[in-house]
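Novice: Here it is, the structure in full.
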Amino acid sequence: MPNINSAKKRVRSNRRKEKVNTIITSSMRTSIKKFEKDVKSGDKEAASKSLNTAIQRVDKAMKNGLVHKNKAARVKSRIMKLKNTMK
């Protein structure tokens, strides 16, 4: 346990940031899984909506530094390929 006040504050702020980061990362993963589920069901309209949401969530995670830019590009490429196979 830290003794210095600035270290105590850093622990508190890190906990707050960890919660936010967990929410962003989790929502990214959830939206990708929802898109994959929509593709498997064959619903093109739902898949296109969930695709947009998934791309937005991936971009937000990348912007916040939670996902590397190359991983974000790879994930977006893979989900776009999935959507293109629906035709």
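Novice: Out of everything in region 67-84 that is within 12 Å of the chain's Cα centre (by Cα) and closer than 17 Å to Lys33 by Cβ, what residue ends up being surrounded by the fewest Cβ atoms within 10 Å (Cβ to Cβ)?
Specialist: Lys71
Novice: Mind checking whether some residue in region 32-43 is among the β-branched types (Val, Ile, Thr) and in contact (Cβ under 8 Å) with a residue 12 or more places away in the chain?
Specialist: So far as region 32-43 goes, yes, one or more of its residues are among the β-branched types (Val, Ile, Thr) and in contact (Cβ under 8 Å) with a residue 12 or more places away in the chain.
Novice: Here's something else I'd like to know. From the list Glu18, Glu45, pick out the single residue that is in a helix (DSSP H, G or I), modelled with pLDDT under 95 and not aromatic (Phe, Trp, Tyr).
Specialist: The unique qualifying residue is Glu45.
Novice: Check Ala46, Ala54, Ala7 and return the single one that is without any contact (Cβ under 8 Å) to a residue 12 or more places away in the chain, among the hydrophobic types (A, V, I, L, M, F, W, C) and closer than 26 Å to Thr85 by Cα.
Specialist: Ala46
The values are calculated or read from the model by the stated rules, or taken from the named source; none is laboratory data. All values derive from a computational prediction rather than experimental measurement. Reconstructed Cβ throughout: ideal geometry from the backbone, glycine too, with neighbour counts over all protein chains shown.
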